[in-house]
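Novice: Okay, handing you the structure first.
A short reminder: the numbers here are calculations on the coordinates, not readings from a lab. Given the structure is predicted, the values throughout are model-derived calculations rather than measurements. With ideal geometry, Cβ positions are generated from the backbone for all residues, glycine too; neighbour counts draw on all protein chains shown.
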Amino acid sequence: MTGLIIFLLIVVLLIGYTATMYNGLVRTRNEVKLAWSNIDVLLVQRHDELPKLVDVCKQYMQHERETLERVTQARSQVEAARHSGDVASVSAAEGVLRSGLANLYAVAERYPDLKADTMFRNLAARISALETAIADRREIYNDAANAQNVRIETFPDAMIASLFNFAPARLLKFDAAQTADVNIGLAFGK
């Protein structure tokens, strides 16, 4: 009888321990999803601001259609990647977009009236602020993804993660050119 009670106590403790580990893994997975959702919100906000910036630029840049079209196409690529949920695709599309924005601001340097336009300056400042916020949120996302990945790879959580098919989270990485801030100062002659 005592052996049965000890056996049942051990089973209850193991079930409780397994449930605690499982719940911890669920919590870290949801933290990754939340962090990605916060990035997604900022990407949508920037996505909404870019057409306004392009429209303002069109009024001044009659001969720079190629630059404007590149920004518009890059915006579409980021949107498609964002909807796919593939972190690697978002990283690649972000690189193209940031390059297009840098070119747009460099071209804007040749248009003094555009640089002086209040709408252009406000939109450029808004987009720059969103870029900074995206970089901050990317760091939070990567921290959450790393925490999940560590739990999935370490004992004893690895056993539960494997049993319940917890997948590692992909880090959101940008190359050096992508992490450099878009130099909006160029657009203002600074």
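Novice: Between Gln59 and Tyr22, what length comes free when the chain is fully extended (0.36 nm per residue of separation minus the Cα-Cα distance, one decimal in nm)? List each step's numbers first, then the result.
Specialist: Working: separation 37, 0.36 × 37 = 13.32 nm, distance 5.67 nm.
Going from the current span to full extension adds 7.6 nm.
Novice: The range 94-168 to the range 2-48: how many Å between their Cα centroids?
Specialist: Cα centroid of the range 94-168 versus Cα centroid of the range 2-48: 26 Å apart.
Novice: Springs between alpha-carbon pairs under 10 angstrom, Gaussian network model over the chain: which of Gly95, Gly16, Gly85 fluctuates most?
Specialist: Gly16
Novice: Using only Cα atoms, figure out Rg for the range 2-188 and give it as a multiple of 2.2 N^0.38 Å.
Specialist: Working: Rg = 23.3 Å, N = 187, 2.2 N^0.38 = 16.1 Å.
Normalised by 2.2 N^0.38 Å, the Cα Rg of the range 2-188 equals 1.45.
Novice: Between helix 2-60 and the chain, what is the angle of the helix's C-alpha long axis to the longest principal axis, kept within 0 to 90° and rounded to the nearest 10?
Specialist: 10 degrees
Novice: What is the angle, in °, between the Cα long axis of helix 118-153 and the longest principal axis of the Cα atoms in the chain? Nearest 10 is fine, range 0 to 90.
Specialist: Approximately 20 degrees, to the nearest 10.
Novice: By how many nm would the segment from Ala88 to Ala135 grow when fully extended, if each residue of separation counts as 0.36 nm and the alpha-carbon distance is taken off? All intermediate terms of the calculation are to be shown ahead of the outcome.
Specialist: Values: separation 47, 0.36 × 47 = 16.92 nm, distance 1.55 nm.
Full extension from Ala88 to Ala135 adds 15.4 nm.
Novice: Could you count how many Lys pairs in the chain have their Cα atoms under 20 Å apart, skipping same-chain pairs fewer than 8 positions apart? If you can, show how the numbers build up before the last one.
Specialist: On the way: Lys33/Lys173; Lys52/Lys115; Lys58/Lys115; Lys115/Lys190.
Going through the chain pair by pair, I get 4.
Novice: Run the paramagnetic zone check for Ala80: 7 angstrom along Cα to Cβ, then residues of the range 87-116 with backbone nitrogen under 20 Å.
Specialist: Correct set: 87-101.
Novice: Helix 87-108 against the longest principal axis of the chain: what's the angle in degrees, Cα atoms only, rounded to the nearest 10?
Specialist: Between the helix axis and the principal axis of the chain, the angle is about 20 degrees.
Novice: I've got another one for you. Pick out which of Asn122, Asn149, Asn103 has the largest mean-square fluctuation in a Gaussian network model of the chain, springs linking Cα atoms closer than 10 Å.
Specialist: Sorting by GNM fluctuation, first place goes to Asn122.
Novice: From Cα pairs below 8 angstrom and at least 6 apart in sequence, can you work out the relative contact order of the chain, rounded to a whole percent?
Specialist: Numbers: 176 pairs, mean separation 61.5, N = 190.
Across the chain, relative contact order equals 32 percent.
Novice: Related question: Can you figure out the FRET efficiency of Leu171 with Glu66, using R₀ = 41 Å and their beta-carbon distance, to the nearest 0.05? Write down the numbers at each step before the final one.
Specialist: Details: r = 33 Å, r/R0 = 0.81.
The calculated FRET efficiency here is 0.75.
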